[in-house]
1. Using θ = phi - 60° and the Karplus form 6.51 cos²θ - 1.76 cosθ + 1.60, what ³J(HN,Hα) does each residue of the range 364-380 get, whole Hz, x for Gly and Pro?
2. With the crude spin-label approximation of a point 7 Å out along Cα→Cβ, what separation in nm comes out for E416 versus L433?
3. At 7 Å along Cα-to-Cβ for each site, give me the label-to-label distance between T299 and S111 in nm.
4. Leaving out ligands, DNA and RNA, and with a 1.4 Å probe, what % of the accessible surface on the range 71-122 is carbon or sulfur?
5. Within the set K238/K347; K74/K107; K197/K310, which residue pairs have Cα atoms separated by over 27 Å?
6. Sorting H203, H128 by accessible area (1.4 Å probe), largest first, what list results?
7. Given a cut-off of 25 Å, name the pairs among K221/K323; K78/K168; K94/K167; K167/K323; K311/K431 whose C-alpha atoms lie farther apart than that in the structure shown.
8. Apply the Karplus parameterisation 6.51 cos²θ - 1.76 cosθ + 1.60, with θ equal to phi minus 60°, to every residue of the range 178-192 and state each ³J(HN,Hα) to the nearest whole Hz, in sequence, with x for glycine and proline.
Amino acid sequence: MFQLLRGFVLPAAACDGNRDGDSRYANLFRKLDLNEDGRKIFKAGDTNQDGQLDFEEFMQYLKEHEKKMKLAFKSLDKNNDGKIEASEVVQSLKILGINISEKQAEKILQSIDADGTMTVDWNEWRDHFMFNPATDIEEIIRYWKHSTVLDIGDSLTVPDEFTEEEKKTGQWWKQLLAGGVAGAVSRTGTAPLDRLKVMMQVHGSKSNKMNIASGFKQMLKEGGVRSLWRGNGVNVVKIAPETAIKFWAYEQYKKILTREDGKLGTVERFVSGSLAGATAQTSIYPMEVLKTRLAVGKTGQYSGMFDCAKKILKREGPKAFYKGYIPNILGIIPYAGIDLAVYELLKSTWLEHYASSSANPGVFVLLGCGTVSSTCGQLASYPLALIRTRMQAQASVEGAPQLNMVGLFQRIVATEGVRGLYRGIAPNFMKVLPAVSISYVVYEKMKQNLGIA
């Protein structure tokens, strides 16, 4: 069958002056066609949607893909000498707002360089990316990009960034949907630890030495097993509006901060992300207050989210829905900044010391880097998170003084010491690894179901 296809297709293609290229396609097809029936399963090039890829479709797919790869190659080859060098990789990534050292660029080239010259010519580039879906330099960079879909239950991460192609094809909303579902499942799975953290932040003190074991016993005794998930409904519901607002705001701030040359540097991206996070938090902050009040509330105190909102509004007025807002907004900068900085440091270290054959670190390294970086971000912003939670809840705690951010900070340090600013951090850290793992697995499954894997 393959011989018959080659006899008909290749002569016609050769008339177009593509004899060498078509011969290469034929050899490649023959290597892939293990059962020699002349057809392969290959979704990307299946133009007639019959679930199979014959040789003609295969050749057409490779021709189209090569054109796109050629554009990506030329965009990196700054001096037009037909070869990509480490300095050109550094220069190209810098234009896109990503700073790497020349040594790291050499590691990237090593994964593509077949002849050991430390430069990549067109043949090496084509052979390496032949079956890679990356069709332009920005998509190729996303191969090494920090993923922000790892949900640890906090809302301080920098928004996702999508390519123009993803926006045109509608893949962006599928990825946001997949991330939202992953976040909902992840938060629900780790909700007992999240509620324990809030309880320890609000009720923990020198006199009330609540630890992980006693905290769980207290919650179970007071409200049973169901009480461990109290406040989780609001925590899940706020994912959708927060994600949508954050994504929209990020795109708007990027347009405002884009330089005259049309480029957006690392600083501008970070500022855009931080401002987008602040905008989203401002919009959904009342839900943060509701989550905290429900988490620290007693059984029967509130019948649900709306009942809680009605009672707060009646007793304390609209201002109550923005208690703790300032420390919450201030916490975005140290969290996002340190999270991204630590991630980049870990990624750079891995590329320099462990990337022997490929620049792709794999799932476990990415999960490890994401877990460590988010943990460091939390460690830096945790005192602000604790003060925010206490300010949100202090009106519902009997006999608690109604202090502002500075007053509460001074009181905690004076009565409990610096350690008091980190109450509840143990269950907070305990939930990071399972939260990251659950969100990653669910995200990948959702991507498969939505056809974007």
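1. Along the range 364-380, the couplings run 5, 5, 4, 5, x, 4, x, 5, 5, 5, 5, 5, 5, x, 5, 4, 6 Hz.
2. 2.6 nm
3. That separation, rounded to one decimal, is 5.3 nm.
4. Percent of accessible area from carbon and sulfur atoms in the range 71-122: 50.
5. Values: K238/K347 31 Å; K74/K107 20 Å; K197/K310 25 Å.
Check vs 27 Å cut-off fails for K238/K347.
6. Working: H203 60, H128 80 Å².
Largest to smallest exposure gives the sequence H128, H203.
7. On the way: K221/K323 29 Å; K78/K168 28 Å; K94/K167 23 Å; K167/K323 37 Å; K311/K431 31 Å.
K221/K323; K78/K168; K167/K323; K311/K431, as the Cα separations exceed 25 Å there.
8. 3J(HN,Hα) across the range 178-192, in whole Hz: 4, x, x, 5, 4, x, 5, 5, 4, 5, 5, x, 10, 4, x.
The values are calculated or read from the model by the stated rules, or taken from the named source; none is laboratory data. Given the structure is predicted, the values throughout are model-derived calculations rather than measurements. Cβ atoms come from the backbone with ideal geometry, glycine included; neighbour counts cover every protein chain shown. We work out accessible area using only protein heavy atoms, side chains counted, and drop any ligands, DNA or RNA first. Shrake-Rupley method; radii C 1.70, N 1.55, O 1.52, S 1.80 Å.
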